[in-house]
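Reading through the structure tokens given below for one structure.
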Amino acid sequence: MKKVLIVFIAIAAAFFTLVFTLGTFTKGNKDEFKVAMVTDFSDVNDASFNQACYEGAKEWCSKNGIKFNYYKPTSISMAERVKSLTLAIDRGYDVILCPGFALGAPIAEVAPKHPDVKFIGLDIMEDDFPEGFDLEKNTNITVYNYHEEIAGFLAGYGAVKEGFRKLGYLGGMPSSSVIRFGYGYVQGVDWAAKELETDVELEYVYGGQFFGDSEIYKYIDNWYKVNETEIVFACGGSIYTSVALAAKENNGYMIGVDSDQAPIIDRDYAPGICITSAMKDIKQTVIDKLEALYFEHKWETNIRFLGLVSSENPKLNYVQLPLDTWRMENFTIDEYKSLLERIINEEITISRDVSHEPIVSQYTKVNYRGSIK
């Protein structure tokens, strides 16, 4: 009887130890779960993925009574990003959100030294980490990436179906995600052109930075004025500002990126010039993953790719065109849902290869212009 009692006590002790361990990330232990965010090149009001990450974290933490703060490095140097990550850890934050490829190397520097801190990367590819860094061994790092090529494809396809024949693509810095957006856009433009059997022309360039300025504005303004470009997909943080200004002054149109940029562009530039946005639902990703970690103790490792989930309910997709500000008339929401179904069923295949430019049909002419800077 005494042996049975000892065994029972041992089992009970092990059980309560397990519950207590898991309980550090539960609703009853809010003090043990603190969320921080470190920005990359921009601030949290960049109308792009920094802002989407910030809004998702702030919304979820506010709803659940979790402490949240964000840190913006004082410069774009590696040292300052490492400093911001370390500062968040020193102040007791044990879950750190890291949006953008520029945070790959800083995470690799800091995460191995703090195995109890969880790092959630967004838009960081394997080659954004230092050569030789073993992501699989660092189980406190999870990175969520997106099938940007699908989002770009949807935008390009929709633009041509809507009636645009002279298009443009302005990427920021040619990171893998920016290239996937662009090459997906090229494929979408070409697929629609083939279906319609109509000729289209696409200007393609990188800005060399993730913000707009007078030089980039003049370059895109020339597209609208001289090349008679009708619509430009602006892909790269706040670089959209140069496109929005040029579109406004030339009665042109544009496509936003990452989040639904139509309301911001309507307010700051001109109503209606942003016809759609190639969205990555970073905000919902942040909410979903914090929810899973906090309530379900679910933690994934390594790199995960998020894409299409549903054709019937496009809002469930992690890459999508926004339905709430749908402005296209010739390309309808029903046609959009049908397109999603064809992609999900693999009737349409979209390459995510960034090693070479997409092959296009005789209907599509792409002018690759390198980089403005």
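Under a point-charge model restricted to the Cβ atoms of Lys and Arg (+1) and Asp and Glu (-1), what is the dipole moment magnitude of segment 191-238 relative to its Cα centre, in debye to the nearest 20? Mind showing how you got there, number by number?
On the way: 3 positive and 10 negative charges, 42 e Å.
For this selection, approximately 200 debye.
How many percent of the accessible area of the chain is carbon or sulfur, using a 1.4 Å probe?
Numbers: 8580 of 16660 Å².
Its accessible area is 51 percent carbon and sulfur atoms.
Between Glu126 and Lys365, full extension at 0.36 nm per residue minus the direct alpha carbon distance yields a gain of 82.8 nm. Out of every Cα-Cα pair that segment 121-197 contains, those further apart than 14 angstrom amount to 65 percent.
Provide the three semi-axes, in whole Å and in decreasing order, of the ellipsoid equivalent to segment 44-126 as defined by the square roots of 5 times the Cα gyration tensor eigenvalues.
On the way: eigenvalues 74, 52, 28 Å².
Taking √(5λ) for each eigenvalue gives 19, 16, 12 Å, largest first.
Under 13 Å from a label point set 7 Å out along the Cα-to-Cβ vector of Glu249, the amide N atoms of segment 197-235 belong to 213-226.
For segment 181-222, the pair-distance distribution built from all alpha carbon pairs, in bins 5 Å wide starting at 0, is 5, 18, 22, 16, 17, 12, 8, 2 percent.
Can you compute the FRET efficiency between His297 and Ser62 using 1/(1 + (r/R0)^6), with r the Cβ-Cβ distance and R0 = 25 Å? Round to the nearest 0.05. Present the calculation step by step, with values, prior to reporting the outcome.
Values: r = 22 Å, r/R0 = 0.87.
The value I calculate is 0.70.
Rounded to the nearest 0.05, what FRET efficiency is calculated for Met78 and Asp134 with R0 set to 25 Å and r the Cβ-Cβ distance? Approximately 0.80, to the nearest 0.05. The mean sequence distance of close C-alpha pairs (under 8 Å, at least 6 residues apart), as a share of the length of the chain, puts its relative contact order at 18 percent.
Against the chain, whose longest principal axis is taken from its Cα atoms, helix 176-196 shows a tilt of about 50°.
Divided by 2.2 N^0.38 Å, where N counts the residues, the Cα radius of gyration of the chain comes to 1.09.
Descending by average beta-carbon neighbour count within 10 Å, the peptides 92-98, 346-352 line up as 92-98, 346-352, the highest first.
Among the listed pairs Lys248/Lys283; Lys58/Lys137; Lys289/Lys365; Lys72/Lys373, those whose Cα-Cα separation exceeds 32 Å are Lys289/Lys365. Relative to the longest principal Cα axis of the chain, at what angle does helix 49-64 sit, 0 to 90 degrees, rounded to 10? On a 0 to 90 degree scale, this one is about 40.
A simple spin-label model places pseudo-atoms 7 Å from Cα toward Cβ; at Lys194 and Asn330 they are separated by 2.0 nm.
Between the Cα long axis of helix 78-90 and the first principal axis of the chain there is an angle of about 40°, rounded to the nearest 10.
The values are calculated or read from the model by the stated rules, or taken from the named source; none is laboratory data. In this text the structure is predicted, and so the values were computed from the model without any measurement. All Cβ positions, glycine included, derive from the backbone under ideal geometry; neighbour counts span all protein chains shown. In case anyone asks, the SASA skips ligands and DNA or RNA and just uses the protein heavy atoms, side chains included. Shrake-Rupley method; radii C 1.70, N 1.55, O 1.52, S 1.80 Å.
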